[in-house]
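The structure under discussion appears below in the form of structure tokens.
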Amino acid sequence: MRYISKLFLNSLNISKKAMMLNRVLLTLVLICSYIGALTAQKQAKTYARKPVVERYNNMVVTAHPEATKIGVKVLADGGNAVDAAVAVHFALAVCYPTAGNIGGGGFALYRNKNGTFDVLDYREIAPGNASKNMFLDSAGNIIKDLSLKGALAAGVPGSVNGMWELHKKYGSTNWNKLIQPAIDLARKGFPITTMQAREFRNHEADFSKYSHRKNYLIKSVVKDGYLDIIKLLWPGDTLRIPDLAHTLEAIRDKGRDGFYTGWVADSIVAQMNRSGGIITHQDLANYKTEWRAPLKGTYRGYTVTTMPPPSAGGIALLQILKMLEPFDLAARGFNKAITVNLMAEAEKLAYADRSKYIGDPQYISIPTDTLLDEAYLRQRFFTLQCCRANPAETIKPGTFSWPESEETTHFSITDQYGNAIAITTTINSPYGSHLFVSGCGFILNNEMDDFSTKPGALNSYNLPGSKANSIAPGKRMVSSMTPTMVEKDGKLYLVAGTPGGSTIITSVLQTIINVIDHKMDMQSAVDAPRFHHQWLPDVLYYEKGAFTKKQLYMLKALGYKTQEREPIGRMDAIMLKDNKFIGGADYRGDDNADGVNDGTKFDE
Ligand code: GLY
């Protein structure tokens, strides 16, 4: 406590007398907060910004109402959760092009009705001609934007192969029936939301720089059949993407080969040749998904099942939960400085480990067991200085003997048969590389930026690059995507996931803590304001309204550099309670809160 006061007061450079007084006051405030919080009655507060959506049979929660409607219809027609997921994935590629995709990749976490889990990794991979220093100039400096925009930024897409393999193993409805709704959506068009209208305008400059104008998304103006390039789209305008409908027809008729071979593959390679990219026919034809074993951990008697590498998300999530388990977070209070202090310090340690150890498991050995070992985590957490922000430079990745060798979207679906699926899919940043494939109506990802372009250099999420995540042909780049499920007594309790780059992990973490520790209902747990610390930069980011003035004062007194930022994540989750599925869709980013972006909204 003394140390905190000194740290804080020194920085103010005020007179000795005032320092004394302030020191006493600060000490009193912190002591009172600890005692107050620890003796306070546990009270679940409601943060929900909209009514709870409940259904008995099944639930679909996505980032867009059109995709949700399509998923619900598949289930109503007797399809299972995987069928609905396939239809939703392709629908999002049409109606949510900022992140929904066929030009990107993702992860699926599936739980069947008997409680058996499976994980599908359909992450993008580096093209065969990729190389470690491909984004550096001759002096070894990073070439601005090269890994983020344009043809070189794209990894070989995995989404179509992912949906194909997922359907082959677990689907029950005919493939073509699942693709058709997305084709219809692309051809007939759909009204764009306020958020989408704003985004299209914001990205217009990059679209025009990296793509040919005629390849942009196309809208119907004045009357049906008259097409214009995207320019100024207004909320409610009908967006139609006929080129994408044509591509989806190839996928409907030929399955994965409709994308990875034939005229679509020819178009991708031709686009690469025109735009200076390196993806070849061979890269496309050879793309493979991987079935993986999920990671499992426990937290306060709940079982948490989540994503293994190449996502860094699952390991970090389980590490943070285990470090926090000894503490009564509920008693400390939601977003109180003394709670945030514990959570932020655990987050910093997990992100420090991520910076050294996580990469593609096919290319490096990852010490998963050690990283998740309870003794290792406790020892790491308890060597921190208590009750203060430990400066980032004093925190390092854990050491042990080991041979060295913000866009995305998430949807959660539960079906009437007892199966559940959580999928997070991405083209990385909003609109990925901004490169449309000519004649195909879709955008390629810019996932190459998730690799370490240079050791120590920061990627677009300010995550430091590591040797473990260096570029190599055919390698998968590290991700933060964390589709996760929580069980209690062997029964499914929560399905969760979110976009948000490096903040994905801490958003999933806070949703779990909100329901388990703070006893929030589903919608509150999703809507409750979030914060995020990722070790480097040494900043505690928070959403507007996350902390009261008093808590913010205390966090600063504890030594945190704090910074308000734009909304963190966009959670789409489902909770199972009293035999009901309760949907929690996130309104974040929907300025009007008018429900047009509400992914639990469906017509029945
Ligand atoms: N592209 C964001 C992620 O995979 O974490």
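Bear in mind these aren't lab numbers, they're just calculated from the coordinates by the rules spelled out. Quantities reported herein were computed from a predicted structural model and do not represent experimental measurements. Counting neighbours? That spans all protein chains shown, and the Cβs are built from the backbone with ideal geometry, glycine included.
Details
- Set 467/561; 113/188; 467/488; 69/475; 113/544 screened for pairs whose C-alpha atoms are more than 32 Å apart: 113/188; 467/488; 69/475; 113/544
- D (Stokes-Einstein, µm²/s), Kirkwood Cα radius, the chain, 1.002 mPa s at 20 °C: 87 µm²/s
- Charge-dipole axis of the chain as Lys and Arg at +1 and Asp and Glu at -1 on Cβ define it, positive-most pick from 316, 583, 160: 316
- Inter-part distance where segment 517-592 and segment 318-355 are each reduced to a Cα centre, Å: 14 Å
- Size of charge dipole - segment 92-139 - debye, nearest 20, with Cβ of Lys, Arg +1 and Asp, Glu -1, no other charges: 200 debye
- Charge dipole magnitude, Cβ of K and R +1, D and E -1 - the chain, Cα centre, debye nearest 20: 1780 debye
- Charging the Cβ of each Asp and Glu at -1 and of each Lys and Arg at +1, and nothing else, the dipole of segment 73-229 about its Cα centre rounds to 220 debye.
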